[in-house]
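Report on the following structure.
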There are 2 protein chains.
Amino acid sequence: MKNEDEPKDKRPKGGDAQKLTMAEVAKYVGVSAMTVSRAFRQDASVSEETRKRIMEAVDALGYVIDLSAGSLSSRRSGFIAALVPSINNSNFSDTARGITDALENTGLQLLLGYTDYAAEKEEKLIEAMLRRRPEGIILTGGSHTDRARRMLDKAGIPVVETWEIPEEPINHVVGFSNSEAMSLLVRTLASQGYRRFGYIGGTTARDTRGSQRRSGFLKTVDELGFGPGRAISFGVPPITMEQGGQAVMSLLERWPDTEVVLCVSDLSAFGAIMECKRRGMRVPEDIAIAGFGDYEISSICHPSITTINVDCYGIGRQAAVRLLDALQAGGEATGDEIILTGYRVVLRESTDRSAR
Amino acid sequence: MKNEDEPKDKRPKGGDAQKLTMAEVAKYVGVSAMTVSRAFRQDASVSEETRKRIMEAVDALGYVIDLSAGSLSSRRSGFIAALVPSINNSNFSDTARGITDALENTGLQLLLGYTDYAAEKEEKLIEAMLRRRPEGIILTGGSHTDRARRMLDKAGIPVVETWEIPEEPINHVVGFSNSEAMSLLVRTLASQGYRRFGYIGGTTARDTRGSQRRSGFLKTVDELGFGPGRAISFGVPPITMEQGGQAVMSLLERWPDTEVVLCVSDLSAFGAIMECKRRGMRVPEDIAIAGFGDYEISSICHPSITTINVDCYGIGRQAAVRLLDALQAGGEATGDEIILTGYRVVLRESTDRSAR
DNA sequence: GGACAAAATGGTATCGATAACAATCTGACG
DNA sequence: CGTCAGATTGTTATCGATACCATTTTGTCC
């Protein structure tokens, strides 16, 4: 049996491994712990002189305040949770950046998670997040499991759904209609003379925004009287560039006279364009292709890609601001509200009609 | 003056806004709070029957455990912190994904931050992270401010530096030599007959990996006797595709007979290639271009881009595993160690010599 | 100089879980 | 049937900060 008296400190390394507490800093300075606590918050009333002495001591000792202790007694975790489908998708990482930027200097920290486009994973993540008692939560989309909804309701914190307009919003919404955005793109291209439209993008419930774009496409093509829409779907999200290439080929195989192909995202559009070029087809002369999302690549590549520009960063920023407002108001005055973010068609070379 | 007796609950909404505690769940079930606490952990000894009853109550009441309270007394936050330069860069988001995946089912949660390639921002973030008492921390690169180093040392938690081999590692390292990787690319292309090498990528201290690639380039070109390297730099990281395009033009203006241009990343390489094509130059016939990082785009675009494939995901995964090992060992046996991750040259169309 | 408001500081209880130890229960075995 | 180890459950103190209220100090004004 081991000697029970052996040192218990098993920290990997680190100089003086004693754990400093506020009380020790206080003793060192000759004030009470409460005063040290106040010194760490700007608004609290501590004389400049005392604060200075305390901060010098903090520096000298290398003290780092422990927020988890504080949040227990103050009942404010200082966390905001945000869930995005994928962190590898620059549209969503732009949104994450918008959130982070809006949170700067608010004393709030972001807890980020990614759901992999799966509602069950979202449910798990929501639970994991709620265990940290976030003061608010930002979600992508409006499609959640029942249990997730119940947990969110019970948590009693402001919720912001983003990137789309849910049929039954939980609380606040910052987004746009993916269906209408895609519809706008169809109409814009139709006004340029295109008639035979194709579409690439799944129907899967995993990517609700993708499904909405697809239905917006089909509905609009129908309304315009351009016959039944030619839509094919493929794999599960996230859709790769390569899949975009495969998809455009099966689409053209099935409907060889397609004039223009709209894609669920720029990434699949890019893959489609590259595959066409590889096969010797010219874009837009032989086939026009458009995307969605206005990724960096679309303005750079050759031909540049017609797309819908979405204010990804703004969605994140506004969602965070909305949350901050709600927190400020203590949840009283602020009614649930839907904030519509803008989008616009960006016409580029890949659908240039004059090139035909 | 307001009536002090008015309800204090200002929660936004939420059904029964009472905050449940473990004690209440315990009372409901008819056991002690301690037993409920045990039921939440797999290993703890609670009879199956009791656990089942407790979990049913948890479900019925909608109780969500409060980890911040638990971590205070258990002195284990359940957090791992990770800092990456940018979340929009898919190389780094792959690394983040690797970390997250490795943490799955460990009960540890990731606190992610991005430094914007700035050491001062890294310092701030490290402090913000340490306030949450993470059990370990994963950093990108080995370049940190003095204060950051002191804080990390004082924190006494395992540190893993990634994506490069620091001269003075803090603790653990999972990465590769960016300089040698670039050197390998130069030698490989030299063996194909290329002689007049150009380079695009900054020297800034912000992007140490970029600087290492650059110096690896210059050193190798020099060693091979191919005269002084032709290197130009531009803007601050993160480098955009567009900047890649601008850079290749100024490089060719200055050294018009350059045969092959190596870029600090695939993104700038892509921008460079597109700009060349836009100007009517053929790649690789007129000018060969290579990148670094093997982003998705490089295998898809036309011409496909020669690059260095880096195990981004594996870096994250291994870094996390290393951390878990260190935590397991309680910091005893595990010496600081450098784990080298692989990389390899991927030759593609953009440097295809036979096309000339 | 005294009165009084405002500023600055301190003391104590507490947030909600878990560690550590104590107590009780269960079943196996001689 | 008694004993004892192991399984199960309970009790109390505590993690490290902050809320709340009490107290002391400072400054202003007549």
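Out of all DSSP beta bridges in chain A, what portion is antiparallel? Express it as a percent rounded to 5. Mind dumping the intermediate values first?
Details: 4 of 35 bridges.
Counting DSSP beta bridges with both partners in chain A, the antiparallel share is about 10 percent.
Which whole-number percent is the relative contact order of the stretch A:105-249 (Cα, under 8 Å, 6+ apart)?
On the way: 198 pairs, mean separation 26.0, N = 145.
Relative contact order for the stretch A:105-249 comes out at 18 percent.
So for the protein assembly as shown, considering every pair of alpha-carbon atoms, how many percent are separated by more than 47 Å? Provide the component values of the computation, followed by the final result.
Working: 63257 of 253116 pairs.
Everything past 47 Å amounts to 25 percent.
Calculate the spin-label point distance for residue B:177 paired with residue A:224, positioning each point 7 Å from the Cα along the beta-carbon direction, and give it in nanometres.
5.8
If each label sits 7 angstrom from Cα along the C-beta direction, how far apart, in nm, is residue A:250 from its counterparts in the other copies?
Label point to label point, same position, other copies: 4.7 nm.
Counting residues in the stretch B:22-65 as N, plug N into 2.2 N^0.38 Å and put the Cα Rg over that result. Let's see the in-between values first.
On the way: Rg = 9.0 Å, N = 44, 2.2 N^0.38 = 9.3 Å.
Relative to the 2.2 N^0.38 Å estimate, the stretch B:22-65 comes out at 0.97.
For peptide B:80-92, how many partner chain Cβ atoms fall within 10 Å of a residue's Cβ, on average?
Numbers: counts 0, 0, 0, 0, 0, 0, 2, 10, 11, 3, 5, 1, 3.
Average neighbour count from other chains, rounded to a whole number: 3.
Taking every residue in B:60-69, how many Cβ atoms of other protein chains lie within 10 Å of its Cβ, on average? Intermediate results must be reported in sequence, preceding the final value.
On the way: counts 0, 1, 6, 1, 11, 3, 7, 7, 12, 4.
Across the residues of B:60-69, the mean count of other-chain Cβ atoms within 10 Å is 5.
Can you give the FRET efficiency for residue A:55 and residue B:146, using 1/(1 + (r/R0)^6), R0 = 25 Å, r = Cβ-Cβ distance, to the nearest 0.05?
Values: r = 18 Å, r/R0 = 0.73.
For residue A:55 and residue B:146, the calculated efficiency is 0.85.
Using the alpha-carbon centroid of each, what span in Å lies between the stretch A:25-79 and the stretch A:277-330?
45
In nm, what does the list of distances from residue A:146 to its counterparts in the other copies look like, shortest first, when each label sits 7 Å along Cα to Cβ?
Taking the point 7 Å beyond Cα along Cα→Cβ, the inter-copy spacings are 6.2 nm.
Taking chain B as a Gaussian network, Cα atoms linked when under 10 Å apart, which of B:173, B:321, B:31 shows the biggest mean-square fluctuation?
Top of the fluctuation ranking is B:31.
Is it possible to state the helix-based mean residue ellipticity at 222 nm for chain B, with each DSSP H run of 4+ residues giving -39500 (n - 2.57), the sum divided by total residues, to the nearest 500 deg cm²/dmol? What is it? Numbers along the way, then the final one.
Numbers: 13 runs with 152 residues, N = 356.
Result for chain B, helices only: -13000 deg cm²/dmol.
By the gyration tensor of its Cα atoms, with a ≥ b ≥ c the square roots of the eigenvalues, what is the shape of the stretch A:75-210: rounded for a/c under 1.5, prolate for a/b over b/c, or oblate? Show your work: numbers first, answer last.
Working: a/c = 2.43, a/b = 1.91, b/c = 1.28.
It comes out prolate by the Cα gyration axes.
Determine the percent antiparallel among the DSSP beta bridges restricted to the protein assembly as shown, to the nearest 5. Please report the intermediate quantities before stating the final value.
On the way: 8 of 69 bridges.
In the protein assembly as shown, approximately 10 percent of DSSP beta bridges are antiparallel ones.
Using the Cα gyration tensor of chain A, with a ≥ b ≥ c the square roots of its eigenvalues, what is the shape: rounded (a/c below 1.5), prolate (a/b larger than b/c) or oblate (neither)? Please list the in-between numbers first.
On the way: a/c = 2.69, a/b = 2.38, b/c = 1.13.
Verdict is prolate for chain A.
Residues with beta-carbon under 14 Å from that of residue A:307, excluding residue A:307: net charge, scoring Lys, Arg +1 and Asp, Glu -1?
-3
What order do you get for B:223, B:122, A:48, B:296 when you list them from fewest to most C-beta neighbours inside 10 Å? Don't skip to the answer; put the middle values down first.
On the way: B:223 11, B:122 23, A:48 7, B:296 17.
Ordered by Cβ neighbours within 10 Å, fewest first: A:48, B:223, B:296, B:122.
Under 1.5 on a/c is rounded, so check that first for the stretch B:166-217, then, if it is not, pick prolate when a/b is larger than b/c and oblate when it is not; a ≥ b ≥ c are the square roots of the alpha carbon gyration tensor eigenvalues. List each step's numbers first, then the result.
On the way: a/c = 4.33, a/b = 1.79, b/c = 2.43.
Taking the square roots of the gyration eigenvalues as a ≥ b ≥ c, the stretch B:166-217 is oblate.
Based on the Cβ-Cβ distance from residue A:187 to residue B:233, what FRET efficiency comes out when R0 is 45 Å, to the nearest 0.05?
On the way: r = 45 Å, r/R0 = 1.01.
According to the calculation, E is roughly 0.50.
What percent does the relative contact order of chain B come to when contacts are Cα pairs within less than 8 Å and at least six residues apart?
Rounded, it is 15 percent for chain B.
Determine the relative contact order of the stretch B:22-65: mean sequence separation of Cα pairs under 8 Å and six or more apart, normalised by residue count, in whole percent.
On the way: 36 pairs, mean separation 16.6, N = 44.
38 percent.
For a paramagnetic label modelled at 7 Å from the Cα of residue A:349 toward its Cβ, which residues of the stretch A:265-289 fall within the zone defined by backbone nitrogen distances under 12 Å?
Taking a point 7 Å out along Cα→Cβ of residue A:349, the residues of the stretch A:265-289 whose backbone N falls under 12 Å are A:283-285.
Here are some pairs, B:19/B:121; A:19/A:124; A:19/A:154; A:124/B:52; which of them have Cα atoms lying more than 31 Å apart in this structure?
On the way: B:19/B:121 37 Å; A:19/A:124 34 Å; A:19/A:154 36 Å; A:124/B:52 20 Å.
Violating the 31 Å Cα-Cα cut-off are B:19/B:121; A:19/A:124; A:19/A:154.
Rounded to the nearest 0.05, what FRET efficiency do residue A:42 and residue B:340 give with R0 = 51 Å and r taken as the Cβ-Cβ distance? Could you check? Display every interim value, and only then the final one.
Working: r = 46 Å, r/R0 = 0.90.
Rounded to the nearest 0.05, the efficiency is 0.65.
Which of the peptides B:165-172, B:196-203, B:89-96, A:260-267 is most tightly packed, and how do the rest follow, going by the mean number of other Cβ atoms within 10 Å of each residue?
Values: B:165-172: 17.1, B:196-203: 23.1, B:89-96: 24.6, A:260-267: 28.6.
In descending order of packing, they fall as A:260-267, B:89-96, B:196-203, B:165-172.
Compute the distance in nm between two label points, each set 7 Å from the Cα along the Cα-to-Cβ direction, one at residue B:255 and one at residue B:33.
With each label placed 7 Å out from Cα toward Cβ, I get 7.0 nm.
No lab work stands behind these numbers, since they all come straight from the coordinates. Only a predicted model underlies this, so the values are computations on that prediction, with no experimental measurement involved. For neighbour counting, all protein chains shown are included, and Cβ atoms are generated from backbone atoms with ideal geometry for every residue, glycine included.
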